[in-house]
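Trainee: Have a look at this one before I ask anything.
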Amino acid sequence: MPHIHADVHEQGYTSPYYFAPAAAPFHEYITDWQGNFQTEIGQNHAKYFDRNGWLYFTRERFDLLYPSYGDTYPPSTGPSA
């Protein structure tokens, strides 16, 4: 089962929201499937944000390289790692 992580602590109420896919580089333990799933999840989120005119960004700052990030640790230790 895939892991889904929402990281909302860095955004203020006037800032665009961040969601996957992450910026390159990815940690070596992140599989191709996990990277592709990031894109799939992000496209789904974007559909709803676009529909409502909400601001967001992807791939600009946050990556999946450091294994202790809240969204990097679960996929690097889960069953598909």
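Trainee: Can you confirm whether ASP7 is out of contact with any helix residue (DSSP H, G or I) (no Cβ under 7 Å at 6 or more places or on another chain) and modelled with pLDDT under 85?
Mentor: Yes; evaluated as a whole, the condition is true for this residue.
Trainee: Continuing with this model, one more query. Which members of region 18-52 meet the condition of being in contact with a Leu (Cβ under 7 Å, 6 or more places away or on another chain), surrounded by 15 or more Cβ atoms within 10 Å (Cβ to Cβ) and outside any loop (DSSP other than H, G, I, E, B)?
Mentor: The one that is in contact with a Leu (Cβ under 7 Å, 6 or more places away or on another chain), surrounded by 15 or more Cβ atoms within 10 Å (Cβ to Cβ) and outside any loop (DSSP other than H, G, I, E, B): PHE26.
The values are calculated or read from the model by the stated rules, or taken from the named source; none is laboratory data. Owing to the predicted nature of the structure, the values given are computational and were not obtained by experimental measurement. All Cβ positions, glycine included, derive from the backbone under ideal geometry; neighbour counts span all protein chains shown.
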